[in-house]
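Engineer: Got a structure for you, questions after.
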Amino acid sequence: MEAAMGLMRRIHPKQAETALSALLSLLPDHSSDLLSQIDQPLQVLCDMECGKEFLLCEYNRDGDSNRSPWSNKYHPPLEDGLCPSPELRKLEIEANDVFAIYRDQYYEGGISSVYAMEGDHGGFVACFLIKKDGSKTGHGRRGYLQEGAWDAIHVIEVGPEEEGTAHYCLTSTVMLSLTTNTETSGSGTFNLSGSIRRQMNMDLPIEEGHLCNMGRMIEEMESKLRYSLDQVYFGKTKEMVCILRPPSEVVQLRMPDS
């Protein structure tokens, strides 16, 4: 299991689904652990009743069906599918509306979905999902990328209320992949991909409500993840490329005068 997790951490996001399917065949006894611990690029399904797209994950799945956050119905239809309590459903509806505004302001488009369900030891679990297709044919408004995808998964475990406070455990995963094709400039095709996961624990008062607390934690975590991705992936890649293939202006500066 440890070797399988190590392999999935190093696999290309586009190959994650194929790799996971192979691991499930090799390790059938660990299928539940693999499905719950390995994050994959988010898939999209359309709720034909509402005409809205929603994202698929383990937190809205029951068997082979997935529950829409818009209509609260399963697709394909499932009569006895697991649904949140009326109180959590109310929180889920409000969270989807608020998170859609957050997504549009930070990502300039994309798809978002929020799911809520009862926890194992009281409290509840909320899953916030964002998928942004930044390619020329996707949600990208600038059209710089030939292909590009950002998949963010935020899972927050909220403990039961104790003396006006609650414990929040946030686990966030971001999967990034992009491909540029600038043949006109002579640089050709460039591909970069990777994933990063971080966790945050906080005890916060619930005077302003759970949604405010969860929103602040996700906003802070996403800022940290974007900074880490910029430093680790883009910064390190730029450093290595410049060492191996210095820009032409640097080469000219290094050439001795004739």
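Engineer: Between Glu79 and Asn191, what is the label-point separation in nm under the 7 Å Cα-to-beta-carbon projection?
Structural biologist: Reported label-point gap for Asn191 and Glu79 is 4.7 nm.
Engineer: Would you list Thr237, Thr179 from the most to the least accessible area, probe 1.4 Å?
Structural biologist: Working: Thr237 40, Thr179 20 Å².
The ordering from most to least exposed comes out as Thr237, Thr179.
Engineer: Let me have the relative contact order for the chain, percent, based on Cα pairs under 8 Å that are six or more residues apart. It would help to have the intermediate numbers written out before the result.
Structural biologist: Details: 394 pairs, mean separation 27.8, N = 258.
For the chain, the relative contact order is 11 percent.
Engineer: As a test, work out the antiparallel percent of DSSP beta bridges whose residues both lie in the chain, rounded to the nearest 5.
Structural biologist: Working: 58 of 60 bridges.
Around 95 percent of the beta bridges assigned by DSSP in the chain are antiparallel ones.
Engineer: Which FRET efficiency, nearest 0.05, do Asp62 and Lys90 yield, Cβ-Cβ r, R0 22 Å? Write down the numbers at each step before the final one.
Structural biologist: Details: r = 21 Å, r/R0 = 0.94.
It comes out at approximately 0.60.
Engineer: Further question: Describe numerically, in nm with one decimal, the distance between label points set 7 Å from Cα along Cα→Cβ at Ile243 and at Asn181.
Structural biologist: 3.1
Engineer: Quick check: the distance between the Cα centres of segment 220-245 and segment 65-139, to the nearest angstrom?
Structural biologist: 30
Engineer: If R₀ is 22 angstrom, what is the calculated FRET efficiency for the pair Met202 and Lys236, using the beta carbon separation as r and rounding to 0.05?
Structural biologist: 0.15
Engineer: Kindly state, to the nearest 0.05, the FRET efficiency for Gln43 paired with Glu163, given R0 = 41 Å and r defined as their beta-carbon distance. Don't skip to the answer; put the middle values down first.
Structural biologist: On the way: r = 41 Å, r/R0 = 1.01.
For Gln43 and Glu163, the calculated efficiency is 0.50.
The values are calculated or read from the model by the stated rules, or taken from the named source; none is laboratory data. Bear in mind that the values here come from a model prediction, so they are computed numbers and not experimental data. As a convention, Cβ positions derive from the backbone with ideal geometry for all residues, glycine included, and neighbour counts pool all protein chains shown. To get the accessible areas, we keep the full protein, side chains included, count just its heavy atoms, and leave off ligands, DNA and RNA. Shrake-Rupley method; radii C 1.70, N 1.55, O 1.52, S 1.80 Å.
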